[in-house]
Structures are given as C-alpha cells and as structure tokens.
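Below is one structure, written out as structure tokens, with a few remarks after it.
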Amino acid sequence: MPQPRPSEPTVWARDVTTVPVTRASAAELERVSRARGLGLDANERRRVQQYFRRERREPTDVELAGLAQSWSEHCSYKSSRPFLRAAFSSLRPSTRVLGTGDAGVMRFDDGWAYALRIESHNHPSAVEPYGGAATGIGGILRDVLAVGAKPIALTDPLFFGPLDLPSDAVPKGMKSPRYLAEGIVAGIRDYGNRVGVPTVSGGIYFDPAYVVNPLVNVGCLGFLPRKRLRPNRARAVGDRLVLVGGLTGRDGIGGVAFASKELSDQSESESRGAVQLGNPIMKEPLIHACLEAFDRGLVQGLKDLGGGGLASASGELVNAAGFGSHVDLSAVPLRERGLRPWEVWISESQERMLLDVRPRDLASLSEIFRRYDVPISDVGEVTRGPFESLDWDGAPAARLRVAFRVDPPPLRRPTRARPRRSGPTSPVPSDDVLGLVPELLLAPDSVSREPVIRLYDHEVQGRTVVKPLHGAIVSSSHGDAAVVQPRAESRVGLAIATAAQPWACRESPRAGATWVVEEAARNLYAVGARPDAFSNCLNFGNPEDPEVLGDFAAVTRGLADGARGLGFAVPSGNVSFYNGGLGRAIPPTPVLLATGIVDDIDRAVTSDLKASGDALYQVGRADPGLGGSLWARRRALTDLGLPPVDPAGLRRLGEGLLRAVARGTVAAIHDVSDGGIAVSLPEMAFGGRLGFEVDLEAVGLTAPGSAVAAEGRSRFLVEVPVERESEFRRGMGRVPVARIGRVTSRGGTLRWGERRLAELDLDALDARWRTGLGLP
C-alpha cells in the first residue's frame, strides 16, 4: 500500500527535534519507544504512526513525550476503565455527591462540603523512600486543593515486607523493608507536619509479598463552602492558563511511565530521576494563595500538576470542556538552565497548579500570589480547539489534536479467574488461649502503632476531637477511626477511617473486597458515625496478566456490593497497576479512605474501657471461618474460605449501635477485626488501664480457640454501664447481642462457662505490645 508523502516540514523551534516514525517498521517503532522511554505497546505505536501519516509529517520529541504521559496506564486508566465503569455505574446516583473531579466532593451541612481522595505513590517510594512518600503527601494535598477545598486531614496506609527480613533474603537491587519503612514514615512525617495538615488515620501492614514493592497509599480530606467548589475544566475560549507554585526542574521526568511498569533490579539506577522533589515550605503558601483566589472568584477552573506534569494538566483541563490550548513553554519558570522543551512539558516538579483565569482577573490574581511569595506565570490561552499548540522561544514545538493525545481508547485486555484450591478441612485453633492470645496480640500486624502515630502531628489546625489513639495519654490504644470538627460553629463531626484486608482478597477477591468495605463501615460505626462515602486506591500487579485483571474485575464488583449494601457513595478513586517485579506479585490490595457523619461530636465514642463493673457485650454473631485471618497467616494456611459477608446485615447492626450512641447507653465500642477478640479485647483494656472477665462460650462458637481467633462475621465489642443494660438491649431491637462478661479493675480472665481457661497478665502484655513494632 503506497504511503503518503510527508508534507513540507514545519520550521520547529530550536532544541526541538523530529522523530522518524511514519515510514518506520514495527521493529523500528519498538526501538524508538524503548530508547525514549515511551512505554507504548505495539497497537499504540501503530496509532501514533497512523496519526502522523494523516498529518503528513513526523512527530516532534515534545509531541511524543506528551503522548507517552497521557497514554500511560497511570494517567489514562486504559486497562481499568471498563471494569470501573461496569462495577460502579450500577450504584444508585447519590444526591450527596457534588463533584467527582480530582477529588470527590460530598455535601456536609449548611452550605458546606468536604472533599476526599486516596491515591498511591508506590514506585517512587520503592526507589527513594523518603522523597517518594513525601511527594505522595504533596500530591494528595493538591488533588483536594484542585476542587477548591482546604486540606484538613491526612491518612497513610502503608504495606511492607517483614521488618526482620535478613539482609541475604533481600532481592538484588531492592532495599530492605526496614530501610524502606523508616524512610517512608520520615517522609510522611516531615511533609505533613511542615505543611500543617494533621495525619489522623492510616495503617501499617506486613507481608512477604511487599518485599519488592512496598505500597504507600496516602489520602486527604478537605473542607470548603459549596460556593467555592471549582471544576477541573476550562471555562471559556480566551481565558488565560496561569502556572503557579514551584519552579520546574528535571525531577520527576517520566514518572508516570516508571509507575506503569514493574520494578526490576535496575530500577534504582534507571528511574531515580523519575522521583520528584518535595517542598512543603512552598506548598503551604501555595494553598493559602489559591484559597484566597478561589474566594475572590478569580479562578474559573484548575488542575494540579502531578503525573505527566504540565502536559497532563493542560490537556485534561481544556479537553474536559471541548477546547484546545496554546501554551508557551518558554514562559514556564525554571529551577535550572538547559531544560529542553520536552522536559519542561512533562516534568513532574512539585507544588504546581494550573489555573484558568479570565484576562481581566490576571492583575488581581498576580497581586495575591506575589504577596504570598509564590511564583506565578501566564503560560498560555484556552482556544477553540481541536488542537493544542506549543511554542518555545517564539517558534512552534508541537501541534496535536488534544483529544487524540489525552483520551486514548480503553484496552480490552483478557481476564481469567484465578484457580482456587481446596484448603484444609475446618482447621480449629488450639484451645490453649493462654498461648494463643499473646501470639496474636504481639504479632507484627497487631502491636501498637503509637511510636509512628506520635511522629505525626494529629492536633494541628485544632479540629481533631477524637484522636487516632484512644484512651488516656499515658495508656493510649488503637481506635477505629478519628473524628474532626470541620466547623467550630457546628457540632456535626466528620469521622475518618482506613481499611484494607489483602489476605481476604487473596482468598476471594470479590468477597474480600466487600469485607474491606465492611471493615471501613465498622470502623465508622464504632465511633458513632453513619457511613457516608469512600475513596478507593486499588493496588494490583501487572494488568497484562489475565489472572491479575480477573482479580481486579472481581474486586471492583465486591467494592460495589459493599457500597450498595451499606449506603456508601463512591465519588473518587485511584488505580495502581504494575506493583511487583522479579517474579513476585502482591495480593489484590484495595485500600479505602472512608468517611462518616457524626451528628453530635459530644456523643462520639472511643474504644477504651471506662469503668470497672460495666457489662461487656458482643453485637453481631461470630463465625468460625478463618480464611485470611491473622491466625491462618501465621500458619501459612490459605484457601480456607472467608467468613460470610453481609453488608446489609452490618448496616442493621450499625443502625442499632447508632441508636444506642444517641441514647448514651454505650461507653465504649471496638470492632472485632484482625486477630479477633484476642486483639480487640486487650486493646480496649490497655486504653482504659482496666481489665476484663469474659466467658468465651457466650461468643457463640464451639471451642475456646475459635472464639478467641475468629474474625468474622462483622461484629463489635461494646461496653455498657450496668444501670443502662436493659435500655441498651431494648434499643437494639432485633440486632443480635450477647452479654459476654464485665469490665474489671485489673487482669484478664477468660472462661468457658464455669471453667476458668486463663488469667492474662495484662500489664506484662501491655508493655510488650507497646514496644513490639520496632519503628521508627
């Protein structure tokens, strides 16, 4: 087939080169993609070739760099979009959702709203743990700011390999889990504390599957008057595109391409330049300047500069409204000399936002940013489209159809259900509860996270009314959720919880994902909050593996099942593929940042026991299933099957608890989750510096070991003042409740009916539990 002759060559700007692709063979196209780090597959390379054949010219290096960013898995969601749409489009639209842009936006009260989002910074943190984690916090703050919200809370669920992994067991080219954990925690601490946003929720999880590729997920909540809500799209032709914030350098170049492939033993040397450099001292005035500009009506739309840099931000901003753009790359303020135009276009230097501004508002906007000492530059204009054109020193550098560049078609990759083996027949934990409780309580996944939590400032801004640690300052214990008071004028609170259960998802992706949603809801109910919304970060392996994509499809359906049954809205989310490498894969790891509404913060409940003599109740029914449990993991037992999931049933339990909270008939609530009662019950005692006497037979299982270690179904441990017991039971209606014991002044007694099983030395366990983490 004859090929069209190229048109007369455009005179491109200096430092801009053309790349011959229109006459290239398939092998030559592959070499171009590999040499330039484009990360394009064979079909995508052919699409690029066909486009420029129609244009009758060769592409510039600037054009190819921009295409590679927008077509990366990280930016385009090309593998995940069909499954996300199929799963979440089945949810009933919620009138509580006000926006679904860079962050989801939910109604709050009296003309106010809150924003939420969670995302990943996994690959950068694996290569440079401190910088990768710090810039993860910086990026999530920008996502919330990009809808007009002031950031008010952070969360940081983290996943590592075992901290005690011997050095000779660390794969070549990888870093030890301890080194990674210490650097990542320090990066989150330093960025969050310096920018003045409290870190109030999170988690630290351990599994050998995360040795090669740790997971660093970061979430943020923001608060805003509804009238300040800003769209992530351009307003009108003729508006100016204004770049504000940090200067542009070579850091982060190719970051999204790096995040769209598996790690290797060469990632350290090949991809360190793809990690961005954070600057929280610039971020804080940037936030204040943007918020003032929003309140004065000077910004019509905006995007943050994250993955893909200016190329992604400008393209997505104008394409969302059907416009084009003209951008002068030489107007971008630079941190260093010698950057080539393509580097300026795709640099992921931090602390930058792109604003859509009416021409008449430029002077007022500039005055605000200069007062805050934040760089500002008018770099372009919104045009009618359909093209984006780029200049460099007064000459053209690129001209592409913007929709072609920023909106590639989704991929239809094959899926395959992972084979599930039949596991052991109904394993039963030992009835040696005196040994079983310490084993589970002092496991790395259970010991106190206080040493890390205390590194983070969770009090800054003065909004945190229920802290991430519950109980007395000298004996704080794990809580289920934090509660913030967004407005001093209102007693309505916002509860914030994090949830993940990769081991349940490894057993059964769909049911495991629903279990994660139930965990999030239980955490919210436990502080007296009604579940409202969640944002999800979906961490998976290589989507080119049909079984990985099959797991992904099942997890999205399971999340939708849980959201439907519990009434959660799902206004935002994130997908992170290609986690793993060197032949190692992570389990399906969906992570939720969940929010709930507390009608009256004075009624919020904590997990610590309050008074000796109070009754202890189990709310909900236990199940002996041990699939994905801490007990099973410590014995390397898999394929056991999960306990049943029942989000609608949990909703009935939760509504019963909320009625009890409103009446004041409960003193403490803690959900039963990882480690079962063996962990939840001592945590309540540690926080209150009290003890307990519990009849394990009343839990409803057939053996003491099962009663201690089982984690399902969804249920709670509840402390009830003796004088309110009758009222509590009446108020719970048909919700299953069982009195299992009482609070004592000291010690932990476990019985089976009249038979005494164990006397736990809670003081000794407390001391070991508090020092068992080994971080920082």
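D by Stokes-Einstein for segment 611-692, Kirkwood Rh over Cα pairs, 37 °C, 0.692 mPa s: 222 µm²/s. Only alpha carbons enter this Debye calculation for segment 18-66, each as an equal point scatterer, and the log10 of I(q)/I(0) it gives at q = 0.20 Å⁻¹ is -0.56. Note on segment 336-479: Cα-only Rg and Dmax are 28.6, 79 Å.
Here H74 sits with roughly 70 square angstrom of accessible surface, probe radius 1.4 Å.
Of the GluC sites (Glu not before Pro) found in segment 440-518, those in coil by DSSP whose Cβ has at most 14 other Cβ atoms within 10 Å are E459, E489. Here R420 and R755 are evaluated by their C-beta separation; at R0 = 41 Å the FRET efficiency comes out at 0.60. Remark: C-alpha extents of segment 135-211 on the principal axes read 48, 21, 20 Å, sorted largest to smallest. Projection of the Cα convex hull of segment 304-380, averaged over all directions and equal to a quarter of that hull's surface, yields 5.4 nm². Taking 23 Å as the limit for the C-alpha separation, the pairs K283/K303; K78/K303; K150/K303; K283/K467 exceed it in the case of K283/K467. Mean projection of the Cα convex hull over all viewing directions, computed for segment 626-776: 10.6 nm².
Seen from Q350, the other residues with C-beta closer than 12 Å to its C-beta sum to a net charge of 0, counting Lys and Arg as +1 and Asp and Glu as -1. Taking a sphere under 14 Å around the Cβ of L762 and counting the other residues whose Cβ falls inside, with K and R at +1 and D and E at -1, yields a net charge of -3. Ratio of Rg to Rh for segment 477-635: 1.03 [Cα atoms; Kirkwood radius as inverse mean 1/r over pairs].
Beyond 25 Å, the tail of the calculated P(r) for segment 96-237 holds 35 percent of the Cα pairs. Spacing of the modelled spin labels on V465 and S726, each 7 Å from Cα toward Cβ, amounts to 3.2 nm. The tail of the calculated P(r) for segment 46-89 beyond 11 Å holds 71 percent of all Cα-Cα pairs. Can you tell me what percent of all Cα-Cα pairs in segment 655-729 are more than 22 Å apart? Cα-Cα pairs of segment 655-729 separated by over 22 Å account for 27 percent.
Take S726: with every protein chain present and a 1.4 Å probe, its accessible area is about 80 Å².
With viscosity 0.890 mPa s and temperature 25 °C, the Kirkwood radius over alpha carbon pairs of segment 1-156 converts through Stokes-Einstein to a diffusion coefficient of 126 µm²/s.
Note on the chain: Cα convex hull, mean projected area over all directions, 32.4 nm². Computed over segment 692-760, the quotient of the alpha carbon radius of gyration and 2.2 N^0.38 Å is 1.17.
The values are calculated or read from the model by the stated rules, or taken from the named source; none is laboratory data. This structure is a prediction, so every number in the text was calculated from the model and none was measured. Positions of Cβ are generated from backbone atoms using ideal geometry, with glycine treated the same way; all protein chains shown enter the neighbour counts. Ligands, DNA and RNA are excluded from the accessible area calculation, which covers all protein heavy atoms including side chains. Shrake-Rupley method; radii C 1.70, N 1.55, O 1.52, S 1.80 Å.
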